[in-house]
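The values are calculated or read from the model by the stated rules, or taken from the named source; none is laboratory data. For clarity, every value in this text was computed on a predicted model and none was experimentally measured. Methodologically, a virtual Cβ is constructed for each residue, glycine included, from the backbone with ideal geometry; neighbour enumeration extends over all protein chains shown. Calculation scope for accessible area: heavy atoms of the full protein, side chains included, ligands and nucleic acids excluded. Shrake-Rupley method; radii C 1.70, N 1.55, O 1.52, S 1.80 Å.
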Amino acid sequence: MENDVSKVLLTEAEIRAGLKRLAGELTVEYRGSDLAVVAVLHGSCVFVSDLIRLLPIPLTLEFLACGSYGEGTVSSGEVRLTFIPGAENFAGRRVLLVDDILDTGRTLLRVREALRARGAADVKTCVFLDKPSRRVVPIRSDFRGFEIEDVFVVGYGLDFAGRYRNLPYLAALKPEIYAARQPAPEPRG
Ligand code: XMP
């Protein structure tokens, strides 16, 4: 697995430091609140697991899942919610929506609307990574770990073709790894 990596973009120590800062910001925002954390599967699983353990406030944790409409490897760009927790888990409460990466912005925009429509009192977003150069819909994350350039990344929960989520750091893969699976990677969530 490590042989497939061309470059480490964020080391474990850098990630840890970024999460500490982020947790400090979130603690200020949510101290005294009845917080409902809702995380988007699968990419945010590592991030949210580390993040909540740095938050010294009472919270609940739920997961939701998304997919894209469209056939084969070409996404239509329309985001479909394939699983959403029952509204009783977050209605009337402050919600922190957590995702691995803010890319085009379609996922977060769609999910934020869905949580608001189902009665969340307040929905703020928190992403591990932000790729602002890729945005196609108007959304900014309220909290974010790191801004990165437009490069496909794996590790720390993020995958290529379902693999590499367990790398403890963030990395780019060697071009031949992507080339072996043409066309270019389509985000899986
Ligand atoms: P957007 O913002 O485009 O993001 O709706 C949708 C999902 O795409 C995935 N994504 C990536 N996954 N490496 C990955 O492993 C990447 O570089 C990457 N860029 C986007 C991610 O799951 C996000 O939730």
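Assorted remarks:
- Unique match (being farther than 27 Å from LYS174 by Cα and open to solvent by 70 Å² or more (accessible area, probe 1.4 Å)) among ASP34, ASP50: ASP34
- For region 109-131, a tally of residues being of a type outside the set (A, V, I, L, M) and either within 16 Å of the ligand (Cβ to nearest atom) or under 14 Å from LEU61 (Cα atoms) (or both) returns 8.
- If you go through region 12-28 and keep only what is farther than 15 Å from LEU129 by Cβ and open to solvent by less than 40 Å² (accessible area, probe 1.4 Å), you end up with ALA23, GLY24, LEU26, THR27.
- Residue, surrounded by the fewest Cβ atoms within 10 Å (Cβ to Cβ), within region 80-115, restricted to residues that are of a type in the set (S, T, N, Q) and closer than 16 Å to VAL136 by Cβ: THR104
- Within region 103-122, the presence of a residue that is in contact with a helix residue (DSSP H, G or I) (Cβ under 8 Å, 6 or more places away or on another chain), hydrophobic (A, V, I, L, M, F, W, C), within 28 Å of GLY18 (Cβ to Cβ) and in a strand (DSSP E or B) is excluded.
- Look at (1) within 12 Å of the ligand (Cβ to nearest atom); (2) open to solvent by less than 20 Å² (accessible area, probe 1.4 Å); (3) closer than 30 Å to GLU12 by Cα and you find that GLY77 fails only one, number (3).
- Scanning region 137-166 for residues that are within 19 Å of VAL95 (Cβ to Cβ) and in a loop (DSSP other than H, G, I, E, B), we see that the one that is nearest to the ligand (Cβ to nearest atom) is ILE139.
- Residue that is within 8 Å of the ligand (Cβ to nearest atom), closer than 26 Å to PHE83 by Cβ and touching an Asp or Glu at 6+ places or on another chain (Cβ under 7 Å), where the choices are ARG106, ARG134: ARG134
- Just one of the listed residues (VAL95, VAL127) is more than 13 Å from the chain's Cα centre (by Cα), part of a strand (DSSP E or B) and either modelled with pLDDT under 95 or closer than 30 Å to GLY32 by Cβ (or both), and it is VAL95.
- Search result, residues across region 29-81 that are of a type in the set (Ser, Thr, Tyr), modelled with pLDDT under 95 and in a strand (DSSP E or B): SER68
- Condition broken by TYR178, with the remaining ones in (1) at pLDDT 95 or above; (2) open to solvent by 20 Å² or more (accessible area, probe 1.4 Å); (3) within 14 Å of the ligand (Cβ to nearest atom) satisfied: (1)
- Contacts under 7 angstrom Cβ, first residue in region 147-160 being under 15 Å from VAL127 (Cβ atoms), partner near the ligand (Cβ under 7 Å from one of its atoms) and part of a loop (DSSP other than H, G, I, E, B), 6 or more apart: ILE148/LYS131; GLY157/GLY43; LEU158/GLY43
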